[in-house]
Every structure is written in structure tokens, then in C-alpha cells.
Amino acid sequence: MMNVLGSRYAVVIVMAAAFLISPVLAQTVGQPSNTSPPILVDNAARQAADIVLPFRPNAAHCDGQYRWLNSPMQVGALVGGWIKDVRVIRYRSREGHLKETEIRDQVRKVWQGTFQSASCYIPWAEGNIWTVEAVVEFYDGKQTTFVTDGSHVELQDYGGQYWYMRALPAVQ
């Protein structure tokens, strides 16, 4: 009787441990964020007349957070976590309708581009017209945002912080 009772407790303990560490394991599967994840553009992506960034509460109260790097870093490496894919949800084109491959190529160029500094607020004075809005999906189910115009980038990291940067050199 004691062996049956003991083995049941062992099963319960193992199941509880597996449940508690499953989010940690989910983040160790897939590919690291500094490689280019699959970039998906499906029928749900639509051409937008305008892509406007909503007010970001943590950007207004970020105490001027700023990161200067000794050497350039890839845009995708700032996200952190293990990325499943980048899903384009809206895009804007000055030349009319874009093909899926053109949208995917633009996102990949920016994602693999580098930057030297990032801030929690928009540091540039010049105006810009955002052309791609995407959702970064992680293996644990979490989602963050990625918006770009091919040069300027707004990227929400895994922890929820929004970062603004210019890709170097400017991606065309």
C-alpha cells in the first residue's frame, strides 16, 4: 500500500514540476532572436492607408532609458526570447500593391540590420511614414510588436519595453 501511495505522489510531483517549468522549456525551443525567424505575410495582412503608432504609456514614463552600444547589434537581437515567427498584419506602399515576397524581404532586411543606439522614446526629429506593422510571436505564446519604415524601427522587447532606433545603414 505504501509503495502505491508513494508512486502516486511521485507522479503528482513530476506532473506539477513539468507544468511549472513548461514556460521555461517553451523559451528554449526554436531559434534564438538574433537569427532571422520566419516572416509570414498571409491573406489577413492588409494594405493600410496609414500606420499610426498608438500612445505608448511606458514610453512616456521610461525615465529616458537609452542604450548606446560599443559595436552595432542586429535589430532582432534586442527582442530577447525565442521567436517563433514575425507576422505582418498591415503594410503601406507608395508604389501600390506589394507582393508578399517584397514585404517579406523588407522586413528581413530591417530585422537583420544593425543599430548602435536605442531609446525608449522617439529620438529623431524628422518625420517618418511607417510602412510595416508586424507581430513578433514567441514559442511560449507571448506577442510583441515591430513597426518600421525601412530605416526607423519601433520594437517591443520580450519584457514589454518599447525601443526606438534607426537601422544602420538605412535600409532601402
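Counting only residues at least eight positions apart within a chain, or on another chain, the lysines with an alpha carbon under 23 Å from that of residue 142 are 84.
Exposure proxy shown here: for 148, 101, 131, the number of other Cβ atoms within 10 Å sets the order, fewest to most, as 101, 131, 148.
Calculated FRET efficiency, residue 65 to residue 128, Cβ-Cβ distance, R0 = 30 Å: about 0.90 to the nearest 0.05.
Within a straight-line Cα-Cα reach of under 15 Å, residue 99 can be paired with the following aspartates and glutamates, leaving aside sequence neighbours fewer than 8 residues apart in one chain: 42.
All of the numbers you see were taken from the coordinates with simple rules; none came from a lab. Computed from a predicted model, the values in this text were never measured in an experiment. FYI the Cβ positions are ideal-geometry reconstructions off the backbone, even for glycines, and counts take in every protein chain you see.
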